[in-house]
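The values are calculated or read from the model by the stated rules, or taken from the named source; none is laboratory data. What you are looking at is a predicted structure, and each value in this text was computed from that prediction instead of being measured. Positions of Cβ are generated from backbone atoms using ideal geometry, with glycine treated the same way; all protein chains shown enter the neighbour counts. Each accessible area value is taken on the protein alone, full model and side chains, heavy atoms only, with ligands, DNA and RNA left out. Shrake-Rupley method; radii C 1.70, N 1.55, O 1.52, S 1.80 Å.
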Amino acid sequence: MDDKFLEPIYLYYTRNRSIKSMMIIQLEILDLPETMRTLESSERKELTRGIVEKLKTIYSPKDIIMCNNMNVLTIVCPLESHEFQEQVERKVRETINKVKGTYLIKETEKLMTLRKPKIGVVTYPSSCMSYVSMKDNLLKARMKARRALQTDIVYYDTIENHNQDIIKYQEILRGIKNKEFKMYFQPQMDIETNEIIGYESLVRWIKDGEVIPPNDFIPFVEENDLIYKLGDYILNEAMQNYSKLPPKSVLSINISAKQFKDKNLLSTIRRKTKKYSLDPSNINIEITETVSMEDVDQTIALLDVLRKEGYKVSIDDFGVGYSSLSYIGNLPITHIKIDKTFIDKYINEDIKNPSTVLIETVVQLAKGLGLKAVIEGVETKEQLDYLRSIGCNEVQGYLISKPIPIEDIEVFKCRHSKEYKIKT
Ligand code: C2E
Ligand code: CA
Ligand code: CA
């Protein structure tokens, strides 16, 4: 997509008061690349000219036609009145009818036929709130048109998800305001002493009495820029609850990909730490491996500051992203959390598989680098015994406890101390 032109045009029209609305149309001719391949260079030019000539008979001079690449064209139609929308819809239908058909290449007298034009349409302002959402929605509409068998034109407004997305967006905003998001805490155990040394905070959405897990809303929240708001809320809730955890616990907080790139993140973490008078060394910031790899220099700079101020830092979900064992050594971190999928494949100590080999390698690597190796998703006693035998430092998983609300921490602590015979 040639953003160079589309973005300034979009911004110009959306700031122009005489423009009430706008239709952005993307035309893709699915069989054009294949047809082009059969033609000489000068014949290709003539065919392209032929398509544009047809479009010119449909669109007016104030409509802007842009060629993105060989088979995709974007057309921007600014509207001075909502009533003209019908006219544009007529133009869209006409586009399909005209583009579909035969073209005579005069130079060589070849007759070419195009059969598969497809169109995606976005309307401003009803189906896009920003340039980025316009571009995303336009792509979604075009992709849906591309896949559709019965229809050639898809208006983003008519995609079912669109309305549902708006409802979900508003529900989440309301949920934040009404404090419907609640932090649960999952204990982390030192494998040598069996003692609980920390808790990972994991968010839940309590909606109409139902507990909604984070995987059902975090991706949406990330996609729609709500993560800054929810991320702040999570940092606040997690740290506010710290005083209800057993003294000296280390509280782990998950930071999502977009949140990590937010330039206000550091100041927010500092501010909340101060607000609740917490010691940074009792806070463990969890970022995923993929995030840390995206812009290594920027990651190192931010983590360096956090480490210098005393915060702990974990690389989460280790092993599932694109890891490079060598780069881990350059990161200023304290913990490596090996993803649950690896321990899931453990059968017994004598049967080695790639997953257990990776666990053992990473535990050794962590040891060499002076880091703590943590395994999450430990569900059985056999897994725990194995992890102990290979020198893993900390574990987390249903075997010890599921994530629990803050009110249940005391009961859990008592039960755990008895079960593991720990003096309290
Ligand atoms: P994660 O950070 O890898 O969190 C670990 C997930 O594994 C949690 O799922 C936890 O409940 C689950 N788990 C732990 N032990 C076991 C076990 O023994 N068996 C099984 N089957 N599962 C286990 P949860 O709470 O559903 O969270 C899923 C993901 O959502 C998290 O993965 C994290 O990426 C994200 N998430 C959760 N809370 C937050 C948050 O506050 N902020 C952000 N940015 N992301 C969060
Ligand atoms: Ca985590
Ligand atoms: Ca994880």
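What to note about this one:
- Screening THR151 against (1) within 19 Å of the chain's Cα centre (by Cα); (2) under 27 Å from CYS77 (Cα atoms) leaves a single unmet condition, (1).
- Check on ASN241, touching a residue at least 60 places away in the same chain (Cβ under 8 Å), in a helix (DSSP H, G or I) and more than 14 Å from ligand 2 (Cβ to nearest atom): yes
- Any hit, the range 230-240, residues being out of contact with any strand residue (DSSP E or B) (no Cβ under 6 Å at 6 or more places or on another chain) and within 16 Å of ligand 3 (Cβ to nearest atom): no
- For the range 322-342, a residue qualifies if it is within 13 Å of ligand 2 (Cβ to nearest atom) and not hydrophobic (A, V, I, L, M, F, W, C), and the qualifying residues are HIS335, LYS337, ASP339, LYS340.
- Number of the exception - GLU360 against (1) modelled with pLDDT of 85 or more; (2) within 16 Å of ligand 3 (Cβ to nearest atom): (2)
- Residues within the range 92-115 that are in contact (Cβ under 8 Å) with a residue 40 or more places away in the chain, closer than 23 Å to ALA145 by Cα, charged (D, E, K, R) and out of contact with any Lys or Arg (no Cβ under 8 Å at 6 or more places or on another chain), tallied: 1
- Selection of first residues in the range 192-205 that are under 19 Å from CYS414 (Cα atoms) and open to solvent by less than 30 Å² (accessible area, probe 1.4 Å) and of second residues that are more than 12 Å from ligand 2 (Cβ to nearest atom) and of a type in the set (Gly, Ala, Ser), restricted to Cβ pairs under 6 Å at least 6 apart or on distinct chains, gives the following pairs, ordered by first then second residue: GLY198/SER249; TYR199/SER249.
- Residue within the range 296-309 that is at positive phi, away from ligand 3 (no atom under 16 Å from the Cβ) and touching a residue at least 24 places away in the same chain (Cβ under 8 Å) present: no
- Note on the range 377-409: among residues that are open to solvent by 10 Å² or more (accessible area, probe 1.4 Å) and aliphatic (A, V, I, L, M), the one that is farthest from THR361 (Cα to Cα) is ILE406.
- Scan the range 363-411 for residues that are in a strand (DSSP E or B) and within 16 Å of ligand 3 (Cβ to nearest atom) and the total you get is 8.
- Residue match in the range 178-190 (condition: away from ligand 1 (no atom under 11 Å from the Cβ), touching a residue at least 40 places away in the same chain (Cβ under 8 Å) and not in a loop (DSSP other than H, G, I, E, B)): yes
- Note on the range 259-286: residues that are modelled with pLDDT under 95 and open to solvent by less than 30 Å² (accessible area, probe 1.4 Å) total 2.
- Among the residues making up the range 364-384, those that are farther than 20 Å from ILE351 by Cα and of a type in the set (Gly, Ala, Ser) are ALA366, GLY368, GLY370, ALA373.
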